[in-house]
Structure formats: structure tokens, C-alpha cells
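Written below as C-alpha cells is the structure these notes are about.
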Amino acid sequence: DQQVKQNSPSLSVQEGRISILNCDYTNSMFDYFLWYKKYPAEGPTFLISISSIKDKNEDGRFTVFLNKSAKHLSLHIVPSQPGDSAVYFCAAKDGGGGSNYKLTFGKGTLLTVNP
Amino acid sequence: KAGVTQTPRYLIKTRGQQVTLSCSPISGHRSVSWYQQTPGQGLQFLFEYFSETQRNKGNFPGRFSGRQFSNSRSEMNVSTLELGDSALYLCASSLGAGAMIVYFGPGTRLLVL
């Protein structure tokens, strides 16, 4: 079963506009969430994260919102730039306590920012 | 500081063969985890090693195995390759087991014919 879902395989936006990437999760034990960006032929790069005790985290043009009651998080990119075109992965940490953890990833959303 | 390195970057094998992939973590990082990326399934967790011990394992068959050496370098082995094993295999390192953020290498692209 898919515990982290990114229901939009792709998203296309105009340069300068806002990009909103969505992610839903089902596991209530997830306590930390991350977004990674991946360019072709490269490994994923960490972008931004949020702890379950917060509902918003901001880093420059990137903001992540967490709605725990809805088990939903979103990544906002404002303003979008052509260099932001990449696959974005949502990931969640399944701690279960202690140091044994793993990251559970969504299938990714391909963002295309058109000039 | 050098990033995570993986060798080889590309590999072609035939069904039934076995393969070994290598990963060198960022200097000072002691935890290494492995993921498989396929178009249909996204990134799926294979296993994590810390201090030469497997700490966590994903839902993959026993044909997938790994190990970690005293210098934190890690290897992943897949025996009796199947066509469905064709994927990008990503290694990620972090300072310690349970670290919140992991840093990925560029991956090894494996094609099984």
C-alpha cells in the first residue's frame, strides 16, 4: 500500500507564478516530512523539511505546509523559475521510536516551469 | 566536502547474473541506506546500515543484500538478476542512524537484459 501519495504525476506552470505540489500520507506514525528535488541523471537533493509539531516552514522561495488532521502537506514555490523544473519527491520518516527509521517516498511529481 | 559517490554509474547485466554496487558516503557520515527507483514505484527503501550493522530492511526478496565496512563504505549485491531489477539504485548517507536528512549519490543505473 502506498503510504505517501503524490497524486499529480506532473505539473506545468508559468515562470513567475506559484507552483503548488501536493502530498498525502496515511501513516499516523510519520513525524517528519521532507521534500527532495531530482534532476535527470542526478540523485535527489534535499530541499526543505518540516516536523510534525509545526504547520509551516519557509526557506527562501520554498514553503512547506503541513495539515496533520488532513494528513496532507504541500510545497509552494514562489516565484517559480525555469531552473525549478525537476521531479519533486515527498518523503516521510517512519520513526517508530529509537534510531531505526526509514524514509517512505511518494512516486514524485514532474514540475515544468515554462519561460 | 565530497558528496556521496557511487560506482559504477551504469551497468548492463543479463538475467541470472549477480551484481555488486558500491557506495562511499560523505566523509564523517556513518549511516548508509539504499533505495531502488523505478518509473512505476518511485523510490523504495532497500536497507540501512550503521556501524557495519543492518538497522532496517525494506520489503525486498533475499536476493538483495548489503554490507557496510569499517570505513562506512557500503556495497549492495543482487543475485540471480531478473528483468524487473532494472532500475536506478540510489545510495544515501547521513551522520548517524536516525538522522532526519539523508544525502543521495548520483545512483547506479542497472539494466538487466
Query raised in the report: Only one of these conditions is not met by residue B:52: (1) under 20 Å from residue A:105 (Cβ atoms); (2) surrounded by fewer than 19 Cβ atoms within 10 Å (Cβ to Cβ); (3) in contact with a strand residue (DSSP E or B) (Cβ under 8 Å, 6 or more places away or on another chain). Which number is it?
Result: (1)
Report task. Would you check which residues across segment B:1-30 are more than 9 Å from every other protein chain (Cβ to nearest Cβ) and assigned to a strand (DSSP E or B) and list them? Result -> B:5, B:7, B:10, B:11, B:12, B:13, B:19, B:20, B:21, B:22, B:23, B:24
Query raised in the report: Which condition breaks for residue A:59 when tested against (1) more than 19 Å from residue B:44 (Cβ to Cβ); (2) among the acidic types (Asp, Glu); (3) open to solvent by less than 60 Å² (accessible area, probe 1.4 Å)?
Result: (3)
**Report entry** Candidate set: segment B:100-113, residues that are more than 18 Å from residue A:37 (Cα to Cα) and surrounded by fewer than 19 Cβ atoms within 10 Å (Cβ to Cβ); chosen: the one nearest to the other protein chains (Cβ to nearest Cβ)
**Finding:** B:109
Report task. Out of the residues in segment A:67-102 that are of a type in the set (D, E, K, R) and within 22 Å of residue B:36 (Cα to Cα), state the one that is modelled with the highest pLDDT. Result -> A:93
Report task. Would you tally the residues in segment B:81-97 being touching a residue at least 60 places away in the same chain (Cβ under 8 Å) and surrounded by fewer than 19 Cβ atoms within 10 Å (Cβ to Cβ)? Result -> 4
Query raised in the report: Any residue at all in segment A:76-87 that is open to solvent by less than 40 Å² (accessible area, probe 1.4 Å) and of a type in the set (D, E, K, R)?
Result: yes
Requested in this report: Select the strands (runs of 3 or more DSSP E) contained entirely in chain A, then report the ones holding at least 1 residues which are free of Cβ contacts under 8 Å to residues at least 24 places away in the same chain.
Outcome: A:45-51, A:56-59, A:62-67
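Check whether at least one residue in segment A:103-111 is within 14 Å of chain B (Cβ to nearest Cβ), open to solvent by 30 Å² or more (accessible area, probe 1.4 Å) and at pLDDT 95 or above, and report yes or no.
Here is the first cut: in segment A:103-111, the residues within 14 Å of chain B (Cβ to nearest Cβ) are A:103-110.
Those still in the list that are open to solvent by 30 Å² or more (accessible area, probe 1.4 Å) too: A:107, A:110.
This time we only want the ones that are at pLDDT 95 or above, so: A:110.
Yes: segment A:103-111 contains one or more residues that are within 14 Å of chain B (Cβ to nearest Cβ), open to solvent by 30 Å² or more (accessible area, probe 1.4 Å) and at pLDDT 95 or above.
The values are calculated or read from the model by the stated rules, or taken from the named source; none is laboratory data. Every value quoted in this text rests on a predicted model; they were computed, and no experiment measured them. Cβ coordinates were reconstructed from backbone atoms using ideal geometry, including for glycine residues, and neighbour counts include every protein chain displayed. For the accessible areas, the whole protein counts, side chains as well, though only heavy atoms, and no ligand, DNA or RNA atoms are used. Shrake-Rupley method; radii C 1.70, N 1.55, O 1.52, S 1.80 Å.
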